[in-house]
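*Asks:* Here's a structure for you.
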Amino acid sequence: MPHPRAETFPTHPYLRAAGAALRRHTNIRRPHDDAPPAAADRPHLDLIHEHLIACHQLLDDLSDATGPSSPAAGHHLTRSRTRLWQAAAAVHDAFHALPLAAPDANPPCHPPARLVDGPPFVTICQRHLAAVHTARRTTTAADLNAPLHGHTTTCVR
């Protein structure tokens, strides 16, 4: 039985396109079920981090707007925002755990002498530091250490 689709609103086509792009990317990286996925590289993790931070910012806005009219939904969106922040922080850490590209892999306009780790290094770190301000404004240490269980809603058809 196919899953019912959420009603399409004129403001959501970009979210649908982003979801479709991620599904397509998964299919390209793993064309056959028996083929192992390709290893992550720094540019790949940079793009995934960009998506996670964009989702984090979207959930920040949605939780702030939804909380006053529906506290339970706002609470769940806030917890989702916290989990997205944790995922983005883990991807950022994984990015730095990967080895640097070979010296001859740097494009000529970005020599290693100017940018120590190359352009993705600067991009992901700047994005992450900008997102830290939102995370610090909205998240406490207790939120970050809270267990994942405690989900109290049920799906109603």
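The values are calculated or read from the model by the stated rules, or taken from the named source; none is laboratory data. Remember, it's a predicted structure, so these values are computed and weren't measured experimentally. Glycine gets a Cβ as well: all are built from the backbone with ideal geometry, and neighbour counts include every protein chain shown. Heavy atoms of the whole protein, side chains included, go into the accessibility calculation; ligands, DNA and RNA do not. Shrake-Rupley method; radii C 1.70, N 1.55, O 1.52, S 1.80 Å.
*Asks:* Please go through the range 56-91 and give me each residue that is open to solvent by 40 Å² or more (accessible area, probe 1.4 Å), small (Gly, Ala, Ser) and under 13 Å from residue 143 (Cβ atoms), ordered by number.
*Replies:* 80, the sole residue that qualifies.
*Asks:* Just the residues that are modelled with pLDDT under 90 and outside any helix (DSSP H, G or I), please, taken from the range 35-88.
*Replies:* Listed by number, the residues that qualify are 35, 36, 37, 38, 39, 40, 41.
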